[in-house]
1. Looking only at residues that are in contact (Cβ under 8 Å) with a residue 60 or more places away in the chain and outside any helix (DSSP H, G or I) in region 49-86, which one is farthest from L126 (Cα to Cα)?
2. Which residue is surrounded by the fewest Cβ atoms within 10 Å (Cβ to Cβ), if the candidates are limited to region 244-265 and must be within 16 Å of the ligand (Cβ to nearest atom) and on the phi < 0 side of the Ramachandran plot?
3. Keeping to region 102-120, report how many residues are within 16 Å of the ligand (Cβ to nearest atom) and in contact with a Pro (Cβ under 8 Å, 6 or more places away or on another chain).
4. Tell me yes or no: at least one residue of region 249-260 is within 25 Å of S52 (Cβ to Cβ) and at pLDDT 95 or above.
5. Name the single residue that is surrounded by the fewest Cβ atoms within 10 Å (Cβ to Cβ) among those in region 143-161 being in contact with a helix residue (DSSP H, G or I) (Cβ under 8 Å, 6 or more places away or on another chain) and hydrophobic (A, V, I, L, M, F, W, C).
6. Within region 268-281, take every residue that is free of Cβ contacts under 8 Å to residues at least 40 places away in the same chain and part of a helix (DSSP H, G or I) and give me the one that is surrounded by the most Cβ atoms within 10 Å (Cβ to Cβ).
7. So which residues in region 121-158 are away from the ligand (no atom under 15 Å from the Cβ) and assigned to a loop (DSSP other than H, G, I, E, B), if there are any at all?
Amino acid sequence: MSSLGSIAATYFPPPASAAPAAGLSLREIAQKRGITYGTELTLPMLRFDKISEIIIHEAAMITPGVEMKWGVTEKTQGVRYYGAADTISNFAQSNKLMLRGHTALWYRNLPKWVPPLLENSSGMALLVDHVTDIVRHFKGKIVEWDVVNEVIEPNDNLPGGMRNWPPFAGGDVGYIAESFHAAANADPAALLFYNDYGFIYDPERSTSRKTAALNLIEQLKKRGVPIHGFGFQCHLRAGVSFDANGLRRFLADIAALDMRISLTELDVSDARLPRDIPVRDKAVADHAYEFLSVALEEPAVKRLLTWGITDRFTWLNTKDVRKGDGASRPLPYDEDLNRKPLWDAIARALNNAPQR
Ligand code: XIL
């Protein structure tokens, strides 16, 4: 390629309307732009050969939906169980998929015995021991780890917009810092992430959430905490508008803190849409395209993961039910494992993204 040609390839995205070449998978379309496409999966999905095949075909990275959560890995205190997560890790390894760890520390999905202990002075040691053990168990197998998940909640009215959770009772983010240090010691090669939600809709609330997240990352960086990336959860809501410039600015502000960004947990709630399926699927796809075409402009965004691949397995059917009005359709493949307009929207947005 002439030097002018390579400059053009680096600086100019393809024309806005370009459809990706036919026959390519999301993995290949993303890869051409230097982006990783991946998906969440849970063990029950792998019991279906067709779903496993789709995942292997479409994804370059996977992350477990529940299998690494503390409530699964240590139901009984002192009895650690990584079997389910190991099965997923082995699936990744044998199919040459990258693995994203999710998540070492979350205030939900905890085993029953944990919360009372977090109130004690030994709570911090317990957290650090847990993070150390799980990260060490998967050492060398995980590319990115969501070390901590969902730690801000400005509505709780605590300093810095932090979530009201016993480890934060002293008003200090020390428990987050300690978790990252523990993870870095246990697997020095893994990229360590903080993952959170609620930055897209509801201007007032998302503004305070953005401020809290940026302050937290800045504080951690200042303290020399080994944090490398931000997981931006993409639980989209078709039919609700968002501030595109606000989104651009937030992603740029995160990137300016020397952070890489992974767009995590993408799914599109159709709870506010009419029942008609073609109408619904189109609105879901259009909304995702609108969001992704803005978010993927930010060069610090290196990965995009959907929270599942088929409508047959989506947490939104329990969380976001369409009140007797048919199952949710938030993912790229339908229940019968056919591609939906959302697949095309993701493909188009990836294809149009600037080169990394
Ligand atoms: C959800 C899983 O999909 C469910 O199966 C589980 O019961 C609860 O957690 N934000 C996160 C994810 O970071 O871990 C959550 O996953 C969805 C919201």
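The values are calculated or read from the model by the stated rules, or taken from the named source; none is laboratory data. Remember, predicted model here, so these are calculated numbers, not experimental data. So basically every Cβ, Gly included, is an ideal-geometry build from the backbone, and we count neighbours across all protein chains shown.
1. In this case the residue turns out to be A59.
2. The extreme case among them is I261.
3. 1
4. Checking region 249-260: not a single residue is within 25 Å of S52 (Cβ to Cβ) and at pLDDT 95 or above.
5. L158
6. The residue in question is V279.
7. S121, S122, F138, K139, G140, K141, I142, V143, N157, L158
One line per residue, one yes/no per condition, for (1) among the polar types (S, T, N, Q); (2) closer than 26 Å to I56 by Cα; (3) part of a loop (DSSP other than H, G, I, E, B):
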position	(1), (2), (3)
N245	yes, no, no
A255	no, no, no
L266	no, yes, no
A283	no, no, no
E298	no, no, yes
R312	no, yes, yes
S328	yes, yes, yes
D344	no, yes, no
R356	no, yes, yes
